[in-house]
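K.L.:
I have a structure I would like to understand better, so I am pasting it below and will then ask my questions one at a time.
The values are calculated or read from the model by the stated rules, or taken from the named source; none is laboratory data. None of the values given here were measured: they were computed from a predicted structure. Every residue, glycine among them, receives a Cβ derived from its backbone with ideal geometry; neighbour counts consider all protein chains shown. With ligands, DNA and RNA removed, areas are computed over all heavy atoms of the protein, side chains included. Shrake-Rupley method; radii C 1.70, N 1.55, O 1.52, S 1.80 Å.
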Amino acid sequence: MSKGFNYRPFVVLAVLLAGWHWALGLHHVESDTLAPPGKVVAELGRLILDGTVLVAARQTLLATLLGLAAGSFLGTLIGLISGLAQPVALAIRGPVEVLRPLPAIALVPLMTITFGLGLAMEVYVIIFAVIWPCIILTQSAVRAVDPRLLEVADVLELSWLARVWKIVLPSVRPRLIVMLRFVGAIALLIAVTVELVSNPWGLGHQMMIAEEGFHPDRMLAYLVVITLMGWCLNWAFVALERHAFTPRLNAN
Amino acid sequence: MAAGQSIAFDDVGFAYGAIPILSNINFTIEAGTISCVIGPSGCGKTTLLRLVAGFIRASEGAIRVSGKVRTRPSRDVAVVFQDYQRALLPWRTAYENVSLALEAAHVPRAERRERIEVMLELVGLPNHARKFPAQLSGGMQQRLQIARCLAQEPSILLMDEPFGALDAMTRAVLQDELLRIQQKSALTVMFVTHDLDEALYLGNQILALKSNPGRLGRLVDVPLPYPRDQLATKEDPTFLHMRRELFSLTHGGHQG
């Protein structure tokens, strides 16, 4: 982190907001789709005070994190095993290639029939969206482990588990963290989409209600919250990445 | 450290598919001695070492370590790779890198500390235990790899041009330390190099390979006494005589 506070993005943001406010005010627009930033902020304040936004945000965050955790864990595990064992890689290649191109959102009706509306269905759709990139990225990371290190493991007669734990996982760790950041964004995207499409739960659903009730200020307030959540998630992963990379980079 | 074991090459041949790399290799490395393998590049020196390590298996014949046919890598045969920066774990400190060998041998945690410190002391790195490999110079990294190899308590040490990437001064120092450690522990050492002077300086015996396919050119004993000395040994008439005699073998036939 640099020492001086970087104010430039905020200046740009302030100019844009002022422009937005001025444009609406100038034309005296009474719009069902747009609201001036002042009204959006006021509505956001009201939603925070009465707690609705917090409940919705917690629901979306819970689904995102659960789906991300389960999907990336399973995907990494499958990627590790198939990256190390060629027969396993060949065995799963068919199913992976068939299922991977399927858009996760298309599973919403199926998952709704199976699990009903609510948390479980949303988490399963996120798992489905996240697991394939995790398998593929982990697999390629494992294959990129320096063969020399694997020879060291051979000479030392490390067990399979010790080999994975002491050699392979630390080798692929930087790539896994980048992967997590990448699929983290996918998880939030899918969570909000599922809520917009059908699930009566979370920020996406609240935003839909606001839109259908012609409350552009409320709709935009939820959009702001979703944006903030995306930033926070990304920031958390960047922090994790930075933390993970520092000990090795303090070289001469 | 375990006493050395002998390595016997019994009509060993190796081929990649139809391409012969090594053929008709017959010789023995006695327990507790240093044998240096020299030869022009591409003659199969490293392949020979990888066969002994157990990374690859002979297409013909067999390699026996103390009479037992070798089929796979094992802890009693340590390998010092030339590319030390690839053979060390960059996320572990020097101390933890040595520890890997002890963890692999299931040495109880309580015993590790002392043994790691002894090893780091032995290779001259006692003050660098907490540094990561990237914070060490090339020579120190190679010392660290040697420390890890010794920590696995091998009876055989295989070294694949271990000092080839180091500057001349560091190389001389490490040669002397290798000799000191070997004299103390009676390890069997197989040392691959393309440097004839290095081979003569270190070895009890020199094995000169010819190429296409790799085969035994000459097998000579080096009658120079130990301990050897960078100046005196290299001025010894025997050293100079052998150097002249073997020069043509490693430099494609023409005299220098």
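K.L.:
With the condition kept exactly as written, say whether any residue in region B:133-149 is within 14 Å of another protein chain (Cβ to nearest Cβ), open to solvent by 40 Å² or more (accessible area, probe 1.4 Å) and touching a residue at least 60 places away in the same chain (Cβ under 8 Å).
P.N.:
no
K.L.:
Being facing another protein chain (nearest Cβ under 10 Å), touching a Pro at 6+ places or on another chain (Cβ under 7 Å) and either touching a residue at least 12 places away in the same chain (Cβ under 8 Å) or assigned to a strand (DSSP E or B) (or both) is the requirement here; does B:A101 meet it? Explain how you work it out, then say what you get.
P.N.:
On the way: facing another protein chain (nearest Cβ under 10 Å): yes; touching a Pro at 6+ places or on another chain (Cβ under 7 Å): no; either touching a residue at least 12 places away in the same chain (Cβ under 8 Å) or assigned to a strand (DSSP E or B) (or both): yes.
Answer is no for this residue.
K.L.:
Still on this structure, please answer the following. Taking A:R173 and the conditions (1) under 19 Å from the mean Cα position of the chain (by Cα); (2) more than 14 Å from chain B (Cβ to nearest Cβ), which numbered condition does it fall short on, given that it satisfies the others?
P.N.:
Exception for A:R173: condition (2).
K.L.:
Which ones in region B:77-95 are open to solvent by 10 Å² or more (accessible area, probe 1.4 Å) and within 15 Å of A:L158 (Cβ to Cβ)?
P.N.:
B:R92
K.L.:
Output the number of residues of region A:167-210 satisfying the condition of being modelled with pLDDT under 90 and among the hydroxyl-bearing types (S, T, Y).
P.N.:
Looking only at that region, the number is 1.
K.L.:
Give region B:16-39 a look and list any residue that's open to solvent by 50 Å² or more (accessible area, probe 1.4 Å) and within 17 Å of the chain's Cα centre (by Cα), or say none.
P.N.:
B:T28, B:E30, B:A31
K.L.:
Right, next: Could you list, ordered by first residue, the pairs with Cβ atoms under 7 Å in which the first is in region B:62-79 and part of a strand (DSSP E or B) and the second is aromatic (F, W, Y) and open to solvent by less than 20 Å² (accessible area, probe 1.4 Å), at least 6 apart or interchain?
P.N.:
B:I63/B:F9
K.L.:
Do we have A:V108 as more than 13 Å from chain B (Cβ to nearest Cβ) and closer than 18 Å to A:P200 by Cβ here? Quick ask: steps written out before the conclusion?
P.N.:
Working: more than 13 Å from chain B (Cβ to nearest Cβ): yes; closer than 18 Å to A:P200 by Cβ: yes.
The answer is yes for A:V108.
K.L.:
Given B:V80, B:V12, which one is within 14 Å of chain A (Cβ to nearest Cβ), aliphatic (A, V, I, L, M) and closer than 26 Å to B:L249 by Cα?
P.N.:
Result of the check over B:V80, B:V12: B:V80.
K.L.:
Residue by residue through region B:40-76, note down the ones that are away from every other protein chain (no Cβ under 12 Å), open to solvent by less than 40 Å² (accessible area, probe 1.4 Å) and of a type in the set (G, A, S).
P.N.:
Selection gives B:G44, B:A58, B:A62.
K.L.:
Only residues in region B:5-17 that are in a loop (DSSP other than H, G, I, E, B) count as the first member; pair them with residues that are open to solvent by less than 40 Å² (accessible area, probe 1.4 Å) and of a type in the set (S, T, Y), Cβ under 9 angstrom, at least 6 apart or cross-chain, and list the lot.
P.N.:
Filtered contacts from region B:5-17: B:Q5/B:S155; B:Q5/B:T188; B:S6/B:T33; B:S6/B:T188.
K.L.:
So is A:V238 within 14 Å of another protein chain (Cβ to nearest Cβ), under 30 Å from A:D146 (Cα atoms) and in a helix (DSSP H, G or I) or not?
P.N.:
In short, no.
K.L.:
Could you list, in sequence order, all residues of region B:172-206 that are farther than 15 Å from B:L224 by Cβ, in contact with a helix residue (DSSP H, G or I) (Cβ under 8 Å, 6 or more places away or on another chain) and aliphatic (A, V, I, L, M)?
P.N.:
B:V173, B:L174, B:L178, B:I181, B:L187, B:V189, B:M190, B:V192
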